[in-house]
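Taking it in order: structure first as structure tokens, then the write-up.
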Amino acid sequence: MSQQPALIDPFGRSINYLRLSVTDRCNLRCTYCMAEDMTFLPKQQILSLEELRDAAAAFVELGIKKVRLTGGEPLIRRDILKLVTALSALPGLNELTMTTNGLLLPNMAKPLKDAGIARLNISIDSLKADRFKQLTRVGELEQVLAGVQAAKAAGFARIKLNAVILAGFNDDEVLDLAHFAIANGLDISFIEEMPLGEISSHRRRDTQITSEHIRQQLAAHYSLLDSAETTGGPSRYLRVADSDSKIGFISPMSNNFCGSCNRVRMTAEGRLLLCLGNEHSLDLREILRAFPGDSARLKRAIVEAIGDKPERHHFDPEQVDIVRFMNMTGG
Ligand code: SAM
Ligand code: SF4
């Protein structure tokens, strides 16, 4: 195989991480992620498994080392296991991971592990059943808790929980969520809400809370040790003394991490997004469908697009500059 140039953007950042959305659909309707009445993409606009595989293969040949499957909810995509099996066989891919809401893990955790998912992130924003239902509009907390246990039983190492914290809604659960993670030998990241998409449930400016505020709540109860560890993402980690758990903070609003950005995203309909906070994108589906199997053409288009990667995002909770919702984005 010929040596391809690594993907380096105009700001000298090496791009080695792809977040691949496999569907925009979801079995939950989290208020901060989606509007209540969502219109999803028609099926024919969504990339087929073969198209997803071909696109991922092109990225990996260009030096992408880590792929995270996401959505929408990746586990509701039919044949997701086939895709995992195909991607995990790509030569040069070091790590295949997934972010899920966990609902379907009781049946899927073991097959996912067997098919090649190395690590799982599971999103859980509340440990109170009524609040969880309110936040997700339809979700049963018990199912997610069962999903977490299934992931542990399947033998996944270093499972990470993701919790978006909304002031006045679940900021009183920071300690409980951290305690749950520590008691179960899991890591946890607390995420600042981003203004992606117009939502109706709350005004985003009213629910903003900074990572620093969350860190202070935690520091009052736990002995937190600095950690230089990174999983190649924007999370900054602290270690909890006398435990295996790490606590991470993803702070897109209060602490711009774009300087070390190493990633791009591909939406379920094949749009290559160069930055979470900019609309700039390239339609890879057009190439995949017009020139099936022409990997060289696809790779040229990807390399060219990386040349347009913006330097940074500019989020403002007062306004929605980015009209696409997180489920459309591949969070
Ligand atoms: N459905 C899966 C899940 O919830 O884990 C994967 C997709 S979801 C879009 C990925 C992550 O994005 C979740 O942890 C979710 O909480 C987070 N997320 C969604 N909307 C967000 C927003 N507006 N700001 C910050 N994080 C958001
Ligand atoms: Fe679905 Fe994940 Fe968005 Fe919640 S955050 S609505 S689980 S895609």
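Odds and ends about this structure:
- Calculated on the alpha-carbon coordinates, the convex hull of segment 71-115 measures out at 70 cubic angstrom per residue.
- In order along segment 65-72, the Karplus-derived 3J(HN,Hα) couplings, from 6.51 cos²θ - 1.76 cosθ + 1.60 at θ = phi - 60°, round to 9, 10, 10, 10, 8, 8, x, x Hz, and Gly and Pro are given as x.
- Of the solvent-accessible surface of segment 17-329, computed with a 1.4 Å probe over protein heavy atoms with every protein chain present, carbon and sulfur atoms account for 49 percent.
- About its Cα centre, segment 140-296 has a charge dipole of approximately 400 debye under the convention of +1 per Lys or Arg Cβ and -1 per Asp or Glu Cβ, with nothing else charged.
- Converting phi to 3J(HN,Hα) with the Karplus coefficients 6.51, -1.76 and 1.60 and the offset θ = phi - 60°, segment 20-30 yields 10, 8, 9, 6, 9, 7, 8, 8, 10, 9, 3 Hz in sequence order, with x at every glycine or proline.
- Listed residues Thr85, Ile209, His280: farthest to the positive end of the dipole of the chain (Cβ charges): Thr85
- Dipole of the chain, positive end: most advanced residue of Gly270, Leu196, Gly63 [Cβ charges, Cα centre]: Gly63
- Here the 3J(HN,Hα) profile of segment 247-254, calculated from phi with Karplus coefficients 6.51, -1.76 and 1.60 at θ = phi - 60°, is 10, x, 10, 10, 10, x, 8, 9 Hz, Gly and Pro shown as x.
- Cβ-based charge dipole, segment 17-329, positive-most Cα from Ser254, Ala35, Pro310: Pro310
- Segment 17-329 - accessible surface per residue (Å², probe 1.4 Å): 42 Å²
- For the chain, the spread of Cα positions along the three principal axes, ordered from largest to smallest, is 55, 42, 42 Å.
- Charge dipole (debye, nearest 20) of segment 98-215; +1 at Cβ of Lys and Arg, -1 at Cβ of Asp and Glu: 380 debye
- Sorted from greatest to least, the principal axis extents spanned by the alpha carbons of segment 88-215 come out as 45, 31, 28 Å.
- For segment 18-126, the percent of C-alpha pairs falling in each 5 Å distance bin, counted from 0 to the bin holding the largest distance, reads 2, 12, 23, 24, 19, 13, 6, 1, 0.
- Magnitude of the charge dipole, the chain, Cβ model with Lys/Arg +1 and Asp/Glu -1, debye to 20: 860 debye
- Amide proton proximity set for Ile165, modelled H, under 5 Å, gap of 5+: Ile191, Glu193
The values are calculated or read from the model by the stated rules, or taken from the named source; none is laboratory data. Treat the numbers as computed from the prediction; the structure is a model and nothing was measured. A quick note on method: Cβ atoms are made from the backbone with ideal geometry, for glycine too, and the neighbour counts reach across all protein chains shown. Keep in mind that these areas ignore ligands, DNA and RNA; they rest on the heavy atoms of the full protein, side chains included. Shrake-Rupley method; radii C 1.70, N 1.55, O 1.52, S 1.80 Å.
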